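Working notes, structure below.
Here, each number is a calculation from the coordinates, and none is a lab measurement. Keep in mind that what you see is a predicted model, and the values were worked out from it rather than measured. Cβ placement follows ideal geometry from the backbone for every residue including glycine, while neighbour counts extend to all protein chains displayed.
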Amino acid sequence: MPITVPAYGKEAAGRLASMADVTADDGALRRFLHGLPGVDAVGLEARAATLGTRSIKTTAKAYAIDLAISMIDLTTLEGADTPGKVRALCAKGVHPDPTDRTSPKVAAICVYPDMVATAKEALGDSGIHVASVATAFPAGRAALPVKLADTRDAVAAGADEIDMVIDRGAFLSGRYMDVFEEIKAVKEACARPGGTSRSETGGGTAAHLKVIFETGELQTYDNVRRVSWLAMLAGADFIKTSTGKVAVNATPPVTLLMLEAVRDFHATTGVQVGVKPAGGIRTTKDAIKYLVMVNETLGEPWLTADWFRFGASSLLNDLLMQRQKLSTGRYSGPDYVTVD
Amino acid sequence: MTFDYAPAPESRAVVDIAPSYGLFIDGEFAPASDGKVFKTVSPSSEEVLSEVAQASAEDVDRAVKAARKAFEKWSALPGAERAKYLFRIARIIQERSRELAVLESLDNGKPIRESRDADLPLVAAHFFYYAGWADKLDHAGYGANPRPLGVAGQVIPWNFPLLMLAWKIAPALATGNTVVLKPAETTPLSALFFADICRQAGLPKGVVNILTGDGSTGASLVGHPGIDKVAFTGSTEVGKAIARTVAGTDKKVTLELGGKAANIVFDDAPLDQAVEGIVNGIFFNQGHVCCAGSRLLVQESVADELLDALKRRMRTLRVGDPLDKNTDIGAINSAEQLARITALADAGEAEGAERWSPSCELPSSGYWFAPTLFTGVTQAHRIAREEIFGPVLSVLTFRTPAEAVEKANNTPYGLSAGIWTEKGSRMLWMANKLRAGIVWSNTFNKFDPASPFGGYKESGYGREGGRHGLEAYLAPSSPEGAR
């Protein structure tokens, strides 16, 4: 399916501009972020657990499986990545299930910047996006010019989406403005020559920006809510939980909290922002729990690959096996799905 | 295409309901002495589930005598021996929990999600908890060698049939009492299944007796001269009648009655979690909860924001088939209760409060009431004063903490309250000021066997649960050697 991108109305742009005073200076930004409602950890986790008990069967399950497949950012982020590995992954993204061509395509192939050109070529006109982790992924420990060069490099190679990591050190030491400015700068670096940064992005004038928080390192739920607002104010098109490279990655409570932040940001500014949980989501059952959270927190408008993604590599095969089970009535096995 | 959840019904095949049940007296099921029976229906479909015996005064007498006889041996058992029976019962409840959850949802109308995830785990937990106390009564803080009272007459309501049974029977047996229990007229089945569990556990005959029947059975039981202790959970009106009946006798009494709890939200509250707590506080179990947070007190500065969020959340509540695993709100327990809820909600409108419900399609048969919110409620409205016992929330506002305390305490009831704030000092200050048996902070409707439960004012007296719950079943410790 073609992935569309937001076209902000005049009204939304106006409301967003009226938020400008909260980012006017360090103090204003701090006061705003610390004035957001607190998060009660027990209550948040209980709500996430309750949503996880929804029982999704038959037609709803079939729908959810296909939806989840279409939302996957199929990912390879290894030091050992080669063009051959990336091409194989791209082929899988186009035809996830070689035995069943009715399977939807994935949303994007996610690679390191030096593999963008390879992926772009392999995907051709399939409509699948190429996402690239730039900005000194996964640690983010590099000077800003290096991060911006990394980003421009990926965009120039044809990346449709940039997954940037924030400077967790700056955030944890309370230098919110530094994080804000950095996201803004990367957002500008996402623009293609001649394009603008916050306008019709996607296939045209700028790459879509996904901002990765590494929530496992931010530790507290209050931090997660603050960083979500910070990133959205700075122009993130998507907010993303984690790199997949640390011990604690996406969890249902953290994702629920980010969905709630997105909901509140939309209510305040009219700007729609997407959410991407990443890392550790491996089973169909888990993926469906996330979809239920989206459905009951943000609803229909977010239930598309334009606004919700799974950062995953091993999830796809479990979804395909469940899909085969629904269509044949029997469980297959790992040899009936491809290993790439 | 929309993400509609396909029905996910729990199977009814796991529970085998007999066409009729007798009374459980002295370890045997027997018909009522005068042969009278009544029907129990499923409130979600009005289907007749079974026919149960209507116990007469004569049956009450037989049951009390059986309990009296059993008391001699049961109370003489070492605590560790009684604990074995209680642990066994707890384990059987766990083993049969799916069956019991389905049965409870059928007979009561509550969603399977709640009977499965809340009721049954708590039922087993109460038996486990009090089993643990049975051999440690000397250390419960009620003196050395505390003694049981004798025969306990227990009358329980229809909102949590099996859980209320557990709250009553577990501490009574742990302390060495024997019981005659009357479940509510509309929800007798799980108590009868519990009778079967007692037999399965090999509990000595007569230790637990179950009498089904209506209010007249309850009145005979409470008035029977052979019982030593009355434990009642139900309406304040019936509670007052019971208090009058036992006045002047030496029967010990605990009453757990109505409530009109304040759920107080300050402007610095964790708002998303407060919304969940409000929903859980009033829509849990269709609002058939005596400690339900039926009065929402919101600080004016966040009232609009909170109400928007609450309405948005209420739109996602799923009302319907209790056996569907995705149902959030099930059926109202009886036609009578539905009529009461309807009348009070109408009074709310007539008195000038603004009524709001999310659009939801209610099933055509059975007893249903959509989750309802009233704004613009004042202390003078009936819906702010009277217990509705249904999914109806009254919203009031306040400006300062002192005003919140004043409004929260301005009720004839005093069972529970909730405080939502991120400020610890305010939370503790409020908790000290609130005249309520339980004060939850940043949560609501949390139950744990180790935590005492019981009310102030017209919400009753005595405590159930925890160490405190033992006291109601123990006589003051005797002087050394004077047994």
- Query: For the protein assembly as shown, what is the charge dipole size about the Cα centre, in debye to the nearest 20, if Lys and Arg each add +1 at the Cβ and Asp and Glu each add -1 at the Cβ?
  - Reply: 1440 debye
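Within a 10 angstrom radius of each residue's Cβ in A:31-43, how many Cβ atoms of other chains show up on average? Whole number is fine. Kindly include the intermediate steps, with their values, before the conclusion.
Working: counts 0, 0, 0, 0, 1, 1, 13, 10, 5, 13, 3, 5, 12.
Counting Cβ atoms of other protein chains within 10 Å of each residue's Cβ and averaging gives 5.
Would you mind giving the mean number of other chain beta-carbons within 10 Å of the Cβ of each residue in A:50-63, as a whole number? All intermediate terms of the calculation are to be shown ahead of the outcome.
Working: counts 5, 1, 0, 5, 6, 11, 6, 7, 4, 4, 8, 3, 1, 6.
The mean count of partner-chain Cβ atoms within 10 Å per residue comes to 5.
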- Message: Under a Cβ-only charge scheme (Lys and Arg +1, Asp and Glu -1), can you give me the dipole magnitude of chain A about the Cα centre, in debye to the nearest 20?
- Response: 620 debye
- Measuring from centroid to centroid over Cα atoms, what is the spacing of the stretch B:322-361 and the stretch B:362-440 in Å? 17 Å
- Message: What distance in nm lies between label points placed 7 Å from Cα along the C-beta direction at B:A57 and B:D448?
- Response: 4.7 nm
- Query: What ranking, highest mean first, results for peptides A:283-290, B:113-120, B:293-300 when packing means the other Cβ atoms within 10 Å averaged over each residue?
  - Reply: B:293-300, B:113-120, A:283-290
- Note on the structure: Fewest-first ordering of B:H126, B:H139, B:H468 by Cβ atoms within 10 Å yields B:H139, B:H468, B:H126
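For A:A143 and A:T82 in one chain, what is 0.36 nm times their gap in residues minus the Cα-Cα distance, to one decimal in nm?
Values: separation 61, 0.36 × 61 = 21.96 nm, distance 2.68 nm.
Stretched fully, the A:A143-A:T82 segment lengthens by 19.3 nm.
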- Item | Qualifying aspartates and glutamates (Cα of each under 15 Å from Cα of A:K240; at least 8 residues distant if same chain) | A:D73, A:E161, A:D163, A:D167, A:E214, A:E217, A:E260, A:D306
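Take the cross-link list A:K57/A:K105; B:K73/B:K260; A:K61/B:K423; A:K61/B:K39; B:K69/B:K446 and give me the ones stretching past 31 Å between alpha-carbons.
Over 31 Å apart, Cα to Cα: B:K73/B:K260; A:K61/B:K423; A:K61/B:K39; B:K69/B:K446.
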- Item | Cβ neighbours within 10 Å from other chains - mean over B:5-13 | 4
- What pairs in B:K110/B:K325; A:K184/A:K289; A:K85/A:K285; A:K85/A:K210; B:K65/B:K252; B:K311/B:K433 have C-alpha atoms more than 22 Å from each other? A:K184/A:K289; A:K85/A:K285; A:K85/A:K210; B:K311/B:K433
- Message: Highest mean first, how do A:67-73, B:313-319, B:212-218 rank when packing is the count of other Cβ atoms within 10 Å averaged over residues?
- Response: A:67-73, B:212-218, B:313-319
- Task: Along each of the three principal axes of the Cα atoms of chain A, give the extent in whole Å, ordering the values from largest to smallest.
- Result: 60, 44, 39
- Rank the residues A:L298, A:L209 as a footprinting-exposure proxy: fewest other Cβ atoms within 10 Å of their Cβ go first. A:L298, A:L209
- Geometric extent, Cα atoms of the stretch B:364-483 - Rg, Dmax (angstrom): 18.6, 67
- Query: Tally Lys and Arg at +1 and Asp and Glu at -1 over the other residues with C-beta under 12 Å from the C-beta of B:L396: what net charge comes out?
  - Reply: +2
- With the 8 Å Cα cutoff and a minimum separation of six or more residues, chain B has a relative contact order in percent of 18 percent
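Can you tell me the FRET efficiency between B:Q379 and B:A247 if r is taken as the Cβ-Cβ distance and R0 is 35 Å, rounded to the nearest 0.05? Could you put the intermediate results ahead of the total?
Values: r = 32 Å, r/R0 = 0.92.
Taking R0 as 35 Å, the efficiency between B:Q379 and B:A247 is 0.65.
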- Dimensions (Å) - the protein assembly as shown, Cα atoms, principal axes, largest first: 94, 61, 56
- Message: Rounded to whole Å, give me the distance from the Cα center of the stretch B:171-192 to that of the stretch B:246-304.
- Response: 26 Å
